[in-house]
Amino acid sequence: MSTCRVPRNIILRPLVRYRRMDPTKFKTGDLVEAQVSFVVVPLKGGGTKMMMVLRALTLLDCQQSMVIINGKSRIQALTHSYLHKQDAQREKTKLAFMPSSRVGTPLKRKVGYGGEDTAVIETRRKFHAMSVDEHNN
Amino acid sequence: MSNRYFTSRRQNPSAKSLPFYHLVDPNGVLADIAVGDLIHSEENDVKHFERYLDGENQEK
């Protein structure tokens, strides 16, 4: 009797590894980890300027973007079977007006705060109108 | 001034030139630009990784 008992979690836990990747494989919706350096450079006038420099980008999880890609092909398959007997022009028109076709469009996110929600702007305007400044009232 | 590809050699004289990673510059286009004042150094080398679990399919 010589049964060697190794803790199960040690055997079953897969080892996390990292490998270099083609940068074009990053897709919108991916979960990534960015490694940055904070670099301070001297300026001509005597001051300094801090910059954030991207050093590495790691793809952690691409499941979300995979859902988008899979959803797109599924919608295309559905519309194809549904509209099989329709002529090409009608298929084209219908596809454009189908609400579910929006699911297949890639995610677009705005960087920065240029296009703020109208609700935000409206709230800000109302705050201004309240004139909470005690000195004026 | 620098970006994620090049630094000015004039502004950073001590920078050592690095070759571009073959997946970043597969056709050698960026390497052709890195002449004269432009240099690709460690300061502007962005590494791209993917995390995977040992034993997962090797997707290339």
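Charging the Cβ of each Asp and Glu at -1 and of each Lys and Arg at +1, and nothing else, the dipole of chain B about its Cα centre rounds to 300 debye.
Shielding of A:19-32 by partners, i.e. mean partner chain Cβ atoms within 10 Å per residue?
Details: counts 7, 8, 9, 8, 6, 4, 5, 2, 0, 0, 0, 1, 1, 4.
Shielding by partners across A:19-32 averages 4.
Look at the stretch B:37-47: the mean tally of other chain Cβ atoms within 10 Å of its residues' Cβ atoms is 3.
Under 5 Å from the amide H of B:HIS48 lie the amide H atoms of A:MET21, A:LEU57, each residue being 5 or more positions distant or on a separate chain, with H modelled from the backbone and absent for Pro and chain starts. What is region B:10-51 by shape, rounded, prolate or oblate, if you read a ≥ b ≥ c off the alpha carbon gyration tensor as root eigenvalues and call it rounded for a/c under 1.5, prolate for a/b larger than b/c, and oblate otherwise? Judged from the Cα gyration tensor, region B:10-51 comes out oblate (a/c at least 1.5, b/c at or above a/b).
A short reminder: the numbers here are calculations on the coordinates, not readings from a lab. Quantities reported herein were computed from a predicted structural model and do not represent experimental measurements. With ideal geometry, Cβ positions are generated from the backbone for all residues, glycine too; neighbour counts draw on all protein chains shown.
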